[in-house]
Structure formats: C-alpha cells, structure tokens
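K.L.:
So that we are looking at the same thing, I have put the structure below in structure tokens.
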Amino acid sequence: QLMKVFVTRRIPQEGMKVLSQSGIFDVQLWDSNEPVPRVELLRGVAGAHGLICLLSDKIDNEVLDAAGTSLKVISTFSVGFDHLAIDEIKQRGIRVGYTPEVLTDATAELTVALLLATARRLPEAVEEVKNGGWSTWKPLWLCGYGLSGSTVGVVGLGRIGLSIAKRLKPFGVTRFLYTGRQPRPENAAEIQGEYVPLDKLAEESDFVVVSCALTPETQGMCNKDFFAKMKKTAVFVNSSRGAVVNQDDLYNALTSGQIAAAGLDVTVPEPLPTSHPLLTLKNCVVLPHIGSATYATRGTMSVLVANNLLAGLKGESMPSELKL
Ligand code: GLV
Ligand code: GLV
C-alpha cells in the first residue's frame with residue numbers, strides 16, 4: 001500500500017526523483033508554478049501521509065483537520081516556519097522537516113547584493129541610464145554610502161546573520177553589533193560582534209540587517225521608535241520576513257528622511273501590490289523574496305525536502321527535523 005504524499009507546487013526535478021525512486025509513495029503534485037488554491041490544498045491533503053509545502057502555504061488547523069489522522073510528516077521547502085501552526089502540529093504528533101544550512105550561503109549572498117544595491121543606489125542608476133538622465137559625469141550625482149569603516153548591526157545572529165556578517169567584513173566593516181533573544185558568543189566570536197540592546201543597535205549602526213525568525217516577539221519589531229533611533233544616513237535591509245517590519249512606519253521613515261534607504265527581499269503581503277506606496281520611493285529597493293534562489297540551492301533544497309519526508313515517513317531520523 002503506497003503512502004499518499006501531497007506536494008503543493010512544482011519543485012526541482014532532483015527532489016521529485018527522490019520521491020518517485022523511493023517506490024513507497026503515491027505522489028500527488030499541484031503541477032503549477034502558481035500557489036495551490038486553498039480548496040485544492042484542503043482536497044489534496046485529505047488522507048495524505050506526507051505533505052510537502054512552501055512558505056506561501058498557510059498550514060493551520062483547517063488544513064490539519066482536512067488532512068485527518070493519516071498525516072505524519074510535513075516537509076517545508078524553507079528554513080522559515082512561521083507559516084506552520086507549530087503548536088497544533090506538535091499536539092497532533094506530526095513531525096516537521098525544513099531546510100536550514102543548505103540555503104545559508106545563497107541567502108547571505110543575496111542580502112549582501114541587496115545591501116550594496118540599496119546603499120549605492122543601483123536600481124536608480126540603471127534607470128537613469130535607460131531614461132536619458134545620464135547627461136555627464138557629475139561629482140554630486142547618485143552618491144550613496146560605503147561599507148568601509150562602517151558599523152553593521154545584525155538583528156538575529158543565526159546561521160544566516162553570521163554568514164552575512166562574515167561576507168561584509170572584507171568590505172572594511174570595523175564594528176559589528178547584534179541583537180537576539182540571547183547572546184551567541186560562539187557566532188559573535190567570528191566577527192567580534194557586540195551583543196547590544198535593540199535601541200543601541202539602531203542608534204549606532206550605519207547598516208542594519210534583519211535576519212531573525214518571525215515570531216510573536218519579532219513581529220513589528222522594526223517600527224516607528226526603531227527607525228526614529230536610526231541615523232539619518234543609515235541603510236536598512238531585511239531578508240527574513242516582512243512582518244518583522246512595520247511597513248507604514250518604514251514608509252514614513254523613508255519619506256521624512258529619518259533613514260537614508262531600505263532594501264527589502266521580503267514584504268507584507270507577498271507579492272507586494274504594484275500600487276504599494278513603498279514602490280514609489282527611489283530610496284526603497286524591493287526584491288521578490290529571492291534569497292535562496294540559485295539553481296544549485298533550490299535543487300539541493302528539493303532533495304533535502306524529499307529526504308526529510310522519506311525519513312520521517314519511514315520513522316527514521318530526518319536530515320533536518322525541526323525540534324517541536
Ligand atoms: C525563505 O524565506 C525560507 O524561509 O526558506
Ligand atoms: C535562520 O534563518 C538561520 O538559519 O539563521
């Protein structure tokens with residue numbers, strides 16, 4: 001008797017191959033690059049033993065009820081798990097797999113690219129070249145901010161935060177500050193990072209990089225008070241989850257000159273409507289949540305997602321199991 005697995009989106013072939021070659025699954029795929037409609041998700045999970053989902057699928061009580069008692073493993077194609085109702089999942093004895101580590105390098109790299117693009121105004125500069133705004137070389141035109149001699153504040157010095165900091169260090173960053181629930185001396189040692197309160201990080205950083213998980217404690221943490229404490233010349237970058245930032249407060253900080261610029265790889269909602277006020281600002285660079293988007297990383301993630309599911313449904317230890 002094959003075990004039913006529901007996959008909520010087209011994922012790289014490498015991962016699908018692991019599922020099919022196992023020979024123990026009846027794989028039902030939402031064979032599209034677009035999100036599965038809610039009714040199809042509820043239908044798809046019914047009687048499923050395993051579920052492979054994405055960060056854009058909200059896995060709540062309604063989905064768990066629709067799945068019924070057959071569901072034993074949820075394997076998410078992400079390192080973040082704020083889209084999963086963890087307490088309910090734990091209560092039902094369902095195991096969860098996720099994809100830390102394999103996407104750390106790609107996400108850190110993208111965050112550095114976004115930081116540089118924002119600080120040095122790359123999208124604006126490219127636009128000027130295309131629209132005829134480039135009349136001559138001008139000493140005062142398109143100036144931004146550099147990393148050399150700067151202080152960088154990392155909100156959440158986990159794997160990704162540390163990886164970002166290590167990449168920024170060779171640019172000449174002289175000081176790293178970080179915040180989080182508790183000090184992380186083993187991570188901080190690699191960058192001589194100083195553990196400071198959030199307001200001190202805001203006050204003293206030239207670049208603020210957000211790389212923490214979205215939790216009830218971090219939701220809306222970068223708000224009016226936070227931006228008011230930042231330097232007028234500071235650049236804010238977020239590649240974690242949009243909801244860590246109060247976007248209305250960010251908009252006001254960007255338009256009032258309270259901060260210099262912001263680079264966001266994550267927003268609320270996703271996708272951000274094309275009419276959103278943030279998209280009218282030259283000093284705001286918005287990317288469509290592409291932190292882990294290299295061919296190699298997405299392929300590796302798909303294999304890990306499949307192996308997590310396979311191990312979980314065999315009752316074995318999973319390569320990356322979320323401790324619930
Ligand atoms: C991406 O945001 C992820 O959580 O993997
Ligand atoms: C969290 O996203 C981490 O991997 O540090």
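K.L.:
Condition (residue is at positive phi and not assigned by TED's automatic domain parsing to the domain that holds Ser22) applied to region 256-274: is it met by at least one residue? Walk me through it before giving the result.
P.N.:
Residues of region 256-274 at positive phi: 257.
Of the ones still in play, those that are also not assigned by TED's automatic domain parsing to the domain that holds Ser22 are 257.
Yes, region 256-274 has at least one match.
K.L.:
Are any of the residues in region 48-57 among the hydroxyl-bearing types (Ser, Thr, Tyr), outside the structural domain of Leu162 (by TED's automatic domain parsing) and under 17 Å from Arg241 (Cα atoms)?
P.N.:
Step one: of region 48-57, the residues among the hydroxyl-bearing types (Ser, Thr, Tyr) are 56.
Now narrow it down to the ones that are outside the structural domain of Leu162 (by TED's automatic domain parsing): 56.
Narrowing the set further to residues that are under 17 Å from Arg241 (Cα atoms) leaves 56.
So far as region 48-57 goes, yes, one or more of its residues are among the hydroxyl-bearing types (Ser, Thr, Tyr), outside the structural domain of Leu162 (by TED's automatic domain parsing) and under 17 Å from Arg241 (Cα atoms).
K.L.:
Considering only residues of region 261-316 that are in a helix (DSSP H, G or I), surrounded by fewer than 16 Cβ atoms within 10 Å (Cβ to Cβ) and hydroxyl-bearing (Ser, Thr, Tyr), which is nearest to the chain's Cα centre (by Cα)?
P.N.:
Tyr295
K.L.:
Here is a follow-up. Condition first: within 16 Å of the chain's Cα centre (by Cα) and part of a loop (DSSP other than H, G, I, E, B). Now tell me which residues in region 204-218 satisfy that. Full working, then the answer.
P.N.:
Applying the first criterion (within 16 Å of the chain's Cα centre (by Cα)) to region 204-218 yields 208-215, 218.
Within region 204-218, Ser211, Cys212, Ala213, Leu214, Thr215, Thr218 qualify.
K.L.:
Give the residues of region 185-218 that are more than 16 Å from ligand 2 (Cβ to nearest atom), of a type in the set (S, T, N, Q) and touching a Ser or Thr at 6+ places or on another chain (Cβ under 6 Å), sorted by residue number.
P.N.:
Result: Ser205, single match.
K.L.:
Tell me which helices (runs of 4 or more DSSP H) are completely within region 14-104 and hold 1 or more residues being within 22 Å of Pro319 (Cα to Cα), or say none if there are none.
P.N.:
86-91
K.L.:
Check off (1) under 15 Å from Val235 (Cα atoms); (2) away from ligand 2 (no atom under 16 Å from the Cβ) for Leu168 and give me the number that stays unchecked.
P.N.:
Single failed check for Leu168: (2).
K.L.:
Go over the candidates Glu190, Glu194, Glu204 one by one and state the one that is within 20 Å of Glu109 (Cα to Cα) and of a type in the set (D, E, K, R).
P.N.:
Numbers: Glu194 fails: within 20 Å of Glu109 (Cα to Cα); Glu204 fails: within 20 Å of Glu109 (Cα to Cα).
Residue meeting the stated conditions: Glu190.
K.L.:
I'd like to verify a number: residues in region 153-203 that are outside any strand (DSSP E or B) and within 16 Å of ligand 1 (Cβ to nearest atom), how many?
P.N.:
So the count comes out to 7.
K.L.:
Moving to a separate point now. Pick out the one residue from Thr118, Thr69, Thr107 that is within 13 Å of the chain's Cα centre (by Cα) and hydroxyl-bearing (Ser, Thr, Tyr). Show your work before the answer.
P.N.:
Numbers: Thr118 fails: within 13 Å of the chain's Cα centre (by Cα); Thr69 fails: within 13 Å of the chain's Cα centre (by Cα).
When all the criteria are applied, what remains is Thr107.
K.L.:
Within region 239-256, which residues are within 16 Å of ligand 1 (Cβ to nearest atom) and either surrounded by fewer than 21 Cβ atoms within 10 Å (Cβ to Cβ) or aliphatic (A, V, I, L, M) (or both)?
P.N.:
Just the residues of region 239-256 that are within 16 Å of ligand 1 (Cβ to nearest atom), to begin with: 239-245.
The answer is Gly242, Ala243, Val244, Val245.
K.L.:
Does region 66-78 include one or more residues that are of a type outside the set (Ser, Thr, Tyr), more than 19 Å from Met3 (Cβ to Cβ) and either surrounded by fewer than 18 Cβ atoms within 10 Å (Cβ to Cβ) or away from ligand 1 (no atom under 16 Å from the Cβ) (or both)?
P.N.:
No, there is no match, as no residue in region 66-78 is of a type outside the set (Ser, Thr, Tyr), more than 19 Å from Met3 (Cβ to Cβ) and either surrounded by fewer than 18 Cβ atoms within 10 Å (Cβ to Cβ) or away from ligand 1 (no atom under 16 Å from the Cβ) (or both).
K.L.:
Applying the selection to region 219-240, what residues are within 16 Å of ligand 2 (Cβ to nearest atom) and in contact (Cβ under 8 Å) with a residue 40 or more places away in the chain?
P.N.:
Keep residues of region 219-240 that are within 16 Å of ligand 2 (Cβ to nearest atom), which gives 219, 221, 237-240.
Within region 219-240, Met221, Val237, Ser239, Ser240 qualify.
K.L.:
In region 130-151, how many are surrounded by 10 or more Cβ atoms within 10 Å (Cβ to Cβ), under 22 Å from Leu115 (Cα atoms) and free of Cβ contacts under 8 Å to residues at least 40 places away in the same chain?
P.N.:
Selection size over region 130-151: 5.
K.L.:
So Gly161 clears everything in (1) within 16 Å of ligand 2 (Cβ to nearest atom); (2) in the same structural domain as Pro216 (by TED's automatic domain parsing); (3) surrounded by fewer than 23 Cβ atoms within 10 Å (Cβ to Cβ) except one condition, right? Which one?
P.N.:
(3)
The values are calculated or read from the model by the stated rules, or taken from the named source; none is laboratory data. Because the structure is a prediction, the values reported are computed rather than measured. So basically every Cβ, Gly included, is an ideal-geometry build from the backbone, and we count neighbours across all protein chains shown.
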